[in-house]
Amino acid sequence: MTTTEADAQVLEPNLTIGDLGAATGLTPAVLRMWESRHGFPTPQRLPSGHRRYTREDVDLVRQVLRRRDAGIRLDVAIAEAVGTRAPGAPSVFAELRRRHPALGPNRLHKSTLLALSWAIEDEFCARAERPVLFGAFQEERFYRPAAARWRELARVARSTMVLGDFDAPEEFPRGGPIPVPLAADAPMRREWVVVCDAPDLSACLAAWELPGQGDVPDPHRIFESVWTVDHRAVRDAARVCARTAQEAGINEAQGLLYELADEPSGAVADIAGATTLMNRVVAYVDRFSH
């Protein structure tokens, strides 16, 4: 068996919650309680709703138990163990499609994505109570036209980070969004992301640019996109962004990961907010079309 095949076997989600309990000495009830209170361990869900885990999950739970038995508080032990997870290739779009397969993707032009992004920023980011905000812009040249808008959003947010190919992040003005430089091979260098995670209003948009569009005019570039106001999906997107920031060496990201480890308190999507969001989208799309 090759190293790649062995790694794939470790990450294959083929263990039930009973299997995980038997391998770690915990009951399924305790594992479900940990998931509810701490967002750990994180299962993959079958279409039936049943949980499935990987061999890596077994190792992480065992790490938590060793730390807890050594006297470390459970939430700290979980955060420390999760921090040892082998870095993968973080992608907000891929995580949303994997964990929330009901989010059907749509192929949208850049102009439509702009309308949706502005609607989320106006309706959710600006109105939410102390939200955690993330934005992924692929390249710094795409962020610059939005810089003033995101500096304003950062004034009302609890934390704001922007991700892209920033060459000189130290030159970003203080008090504004924290720049997260992405490596040239980072999957999120291809992604367009807006995440607003807050107790009262949550929304996220994730899209990746289809390849082979080098000669396509900028407004007509096409992205495969998903968006949602489901609190749990938004929290998953926020965790990917925070982990990406941590791996990029952003000190503030560790505290965010602690904060985002819990499941969101709002379990039901904000239908009224979704309606208002769509009204704003229609208005922006109409503006672009005239």
TODO: Look at region 116-149 and say how many of its residues are within 18 Å of the chain's Cα centre (by Cα), of a type outside the set (V, I, T) and outside any strand (DSSP E or B).
DONE: 10
TODO: Could you list all residues from region 192-245 that are closer than 19 Å to D122 by Cα and of a type in the set (V, I, T)?
DONE: V193, V194, V195, V226, T228, V229, V234
Open item on the list: Condition first: in contact (Cβ under 8 Å) with a residue 40 or more places away in the chain and of a type outside the set (K, R). Now tell me which residues in region 184-198 satisfy that.
Closed with: A186, P187, M188, E191, W192, V193, V194, V195, C196, D197, A198
TODO: Of all residues in region 104-115, count the ones that are over 17 Å from the mean Cα position of the chain (by Cα) and surrounded by 15 or more Cβ atoms within 10 Å (Cβ to Cβ).
DONE: 8
- [ ] Please give the helices (runs of 4 or more DSSP H) falling wholly within region 198-290 in which 3 or more residues are farther than 17 Å from S111 by Cα and at pLDDT 75 or above.
- [x] 231-247, 252-260
Task: Within region 98-115, considering residues that are in a strand (DSSP E or B) and not polar (S, T, N, Q), the one nearest to Q213 (Cα to Cα) - done: H109
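Tell me, yes or no, whether region 11-25 has at least one residue that is part of a helix (DSSP H, G or I) and either at pLDDT below 90 or in the same structural domain as L257 (by TED's automatic domain parsing) (or both).
Yes: region 11-25 contains one or more residues that are part of a helix (DSSP H, G or I) and either at pLDDT below 90 or in the same structural domain as L257 (by TED's automatic domain parsing) (or both).
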- [ ] Kindly list the number of the only condition in (1) in contact with a His (Cβ under 8 Å, 6 or more places away or on another chain); (2) in a strand (DSSP E or B) that fails for V194.
- [x] (1)
Task: One residue from L201, L205 being in contact with a strand residue (DSSP E or B) (Cβ under 9 Å, 6 or more places away or on another chain), assigned by TED's automatic domain parsing to the domain that holds L114, in contact (Cβ under 8 Å) with a residue 24 or more places away in the chain and under 17 Å from A119 (Cβ atoms) - done: L205
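The values are calculated or read from the model by the stated rules, or taken from the named source; none is laboratory data. The model shown is predicted, which means the values in this text are computed figures rather than measured ones. So basically every Cβ, Gly included, is an ideal-geometry build from the backbone, and we count neighbours across all protein chains shown.
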